[in-house]
Structure formats: structure tokens, C-alpha cells
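Bear in mind that the values in this text are calculations on the coordinates, not laboratory data. Not measured: the values here are computed from a predicted model. Cβ coordinates were reconstructed from backbone atoms using ideal geometry, including for glycine residues, and neighbour counts include every protein chain displayed.
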Amino acid sequence: MDWIAIDVLTATAIVLACLLAIWVARTRRAMRRFEILYDIAEVSDGSKSVEETLDAVCDIVVPSFADFCMIDVIADGDVRRAAARVDARGPEVERGLAERKPSVPEGMANGHDMPLAPRFFQRMSDDDLASISHDPEDLDFLRSLGVRSAITLGLKTRGRLTGALTVGTAWSGRRYRAEDCRFAEVLAGRVALTLDNAGLFSDLQRAERERAEIAETLQRGLLPPPLPHIAGWSAAAMYRPAGAENEVGGDFYDAFRVPGGWMLAMGDVTGRGAWAASIAAQARYTLRTAALLTGDPLVALATLNRALLARRDSALCSVAAVTLSDDPLQPVRIAVAGHPSPLLVDGEAVEEVAEAGPVLGAVADAAWELGRLEMDPGHQLVVITDGITEANGSEGRFGEERLRAVLSGASSPTSVVQRLEEALRRFTDDMSDDAAILAVAPNSTEAASPASPDLGAAQPAVGSGSRLGDG
């Protein structure tokens, strides 16, 4: 009896040990599979492209759950193999799997409403290989893999088929069972969600790139143009928008032909950023159109004033308009609306040459005066926006006194721009407001022949954001 009892206890212990071993093995397998799902969730955060995400998924699945893994994707009516990975068989086998035809029939890729039936080959036979091969060469390739088990499942999100997942075992000696197929279904659901997230992120990235391209194109269109060649005159300009990420703002300048000469306009819209840039563009083209038709700077200011008052939003704009004659011996005509007075630089002397009338966009019956200025060789007429004098640095504001000191002794429009650019660069690294400079000077005391309507070629720029046009 004692021997019988010992045998029973031994047998029981063996059975319990086997059951415990099975339980431990299943627990470990379950833990590994939870880790697989967790790792896939980690790579599906939407920070990578579709291709990068699916490659990461394959790296997780192989070799933890499969000896090889392939993911197909449907996009724009086409199906393609987006990722393929093998374990321990080298790049040639992986390349062969990547180049095989996808597991999704073409009809499904074209939007045909057909379910992709799961395929589970628990014990892959040669007949099974023949049934999924595409041609004799493909069959030879599949035979070379020594496939033991394989599972193909559709990837479906939001009611539509988006691709397929194929996993298989071969050289590891593993074989899939029914419970592995059930896990593969869960895995396919997680991969489908990951694919959807990656696709949405790619769509957002593409939309963001398109928006950035549109914004860049619009900004380039709003940038002040290069100054044209103006016979008998030299001119130089600089434009610097506020903020490191902006190319445009509310300050602007322009130069264009008018009857009997040229008009140079400098303006400043109240406000910053895209809204101010849009008003600046309207101001530029309104001034240009009115001046081209009449040649009268006062009419141009009045026309822009009416246009701004007609807007539903409140838009204020200051402008200094300078009209140059084709004959540099003739006086320069100047009209100022709420803008800093243009400055005449005569050697060491710097003085204001016009008084400002009302700002544009504020009063319907506003009126402005037209001043005339005799300019001799060596004189520089300088127009700025208040972003120059209002610039803040460690010493406070840039200010009028510093501005006059920088301009004193300037010998040419190019020298004016270069001096002010260098002074601003040294004074502050962070412009809190848009800034623009426009300088013009007669070339000689001799009358120039009338310029043709052709604007001519722009001269090279001086510094970042500068535009030159030397006659």
C-alpha cells in the first residue's frame, strides 16, 4: 500500500508539474503578446510616416510572433506592399517577400465591396503553396522558405478595407494553432488602427506642407518689389518685417511710373502679421492704380483713404508719397498722410521737409498738402517707417536723435540703407515692429531724357531684405 501511495503521489506531482509548466508557458506567451500589442501602440502615436510606422510594426512582430511578416496597403485605388520583414534569412529573402504581389486582390483595391476572407494555413502543404503562388517562379520561391504555417487577415478601419497583414512561421520550427489565429485577428485590428493613425498624420503633414507652400507663395507675392532703374536718380530701400518667422508685415514701399516721372511710396499699416500685410497690399495697388491714372499724389492719397473707409474692419494706414520728375532739375513733390516726415540729408545736416496730414482711413473729408523740394547733387531724401525709431534695445528706443546721427554725412542712398541696417543690427536683435527705409538722390544737375515705361532691371540688394535701384 505504501508503494502504491508513493506512486500516486509521484504521478500527481508529475501531473501538477506539467500543468504548472503549461500554465507558466501560456502565461509567458500571453505576456509576450501583450507586450507586442503595447509596443505597436507605442509606435502608432502618429509621429512617423506610414512607411516608417509599418516598418516598426514588422520589427515588433518578427521574431516575437512570426518568422516573416508582410503588410499591404490600399491607397488611391492601388494596393502595394508597404513593409516586409524576415528573421535570420537575410536581405535576399526579405527582398523577395517585399517584391511579391500583395495579398489584397486588385478588385478590392478599386473599391469593390468584397470582404477579404481570412486565410489560415495551420500545416502548409505543397498544394497550399501552389494555391497562393502567382507563377512557377513564385512557387519555387515559396518552397525555398519552408513555410510551416501562415495567416493572412484584412486590415479594416471605419468600415473600409485598408490593407492586409500576413504572418508566417518557417525556419524557427513553430507552427500556428487556433489560438494563434485568434491573436492574429487582434493583432490585425491593432495594425489597422496604427495604419489609420499614420495615414491621418500623413494627411495632416501633407495639408500642413500645402498650407506652408501657399503661405510662402502669398508672402513672396506681398514682398516689396525690387526698385526699378530710374533715369537721373539713384534709389535704395530696405524692408524688415517684425518676427523671425514672418516675411511680410504692415510696412511697404513701392516705385512705379506715373505721367511725367515716377512715384515712390512708403506706407505703414496699423497692426502686424498677415492682416496688416493684406491691407498693405491693398494700399500699394490702390496707390499705384490711382497714381498711374492721374499722376497726382494727392488724388492717390484720397483714393486710398476712400478704399480704407469702405472696409468693414478698421484699417488705418500712413503714407509718404514722393513724385520724381523725369528731369531731376525739377522739384520733388511730397505728400504725407500721418507718416513720419521725410528727411533731407545735406552733408552733416538732417532736417524734416514736410508736415504730415491726417492718417488714411480715419476721416472721410481729410485733406493733405503737396510740398515741393529742390534737391541738389549730394542731397539724400530719406523716408522711413516708425519701426526704425521705435525699435527697442538695451539702451532704450532707437529714437530720432540716433536716426539723425546715423544719417548725417551719408553720401548716397546705398550708404543710407547700409548705415541704418548696420545701426539697427547693432542696436537690437529683435525688431518688435516692421521697419522699412527708402532713400533717393539726383544723379547730376543735368536733365535726364524721359524714361521709358520699362521698369528696367533691379540692382543687387544691399544686405538682407534690401532692394536697390540705382539710376
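Tabulated data for the structure shown
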item: Loop-resident sites, segment 263-370, for GluC sites (Glu not before Pro), counting at most 12 other Cβ within 10 Å (DSSP); result: Glu348, Glu355, Glu369
item: In order through segment 341-352: 3J(HN,Hα) via Karplus (6.51 cos²θ - 1.76 cosθ + 1.60), integer Hz, x for Gly, Pro; result: 5, x, 10, 9, 9, 10, x, 7, 8, 9, 9, 6
item: Cleavage-rule hits (GluC sites (Glu not before Pro)) in segment 388-427: DSSP loop, at most 16 neighbouring Cβ within 10 angstrom; result: Glu390, Glu395
item: Radius, Kirkwood style, for segment 35-204 when every pair of distinct Cα atoms is counted (Å); result: 16.1
item: Gyration tensor (alpha-carbon) shape descriptor, segment 305-395, a/c threshold 1.5; result: oblate
item: Distance between segment 366-404 and segment 40-87 - C-alpha centres, whole angstrom; result: 63
item: Per-residue Cβ neighbour rank within 10 angstrom, fewest leading, Asp87, Asp254, Asp268; result: Asp87, Asp254, Asp268
item: Neighbour-count order for Val104, Val383, fewest beta carbons within 10 angstrom listed first; result: Val104, Val383
item: Size of segment 253-351 as Cα extents on the principal axes (Å, biggest first); result: 44, 33, 18
item: In segment 300-366, the trypsin sites (Lys or Arg not before Pro) that fall in loop regions by DSSP, at most 14 other Cβ within 10 Å; result: Arg311, Arg312
item: Residue order, fewest to most beta carbons within 10 Å, for Ile36, Ile384; result: Ile36, Ile384
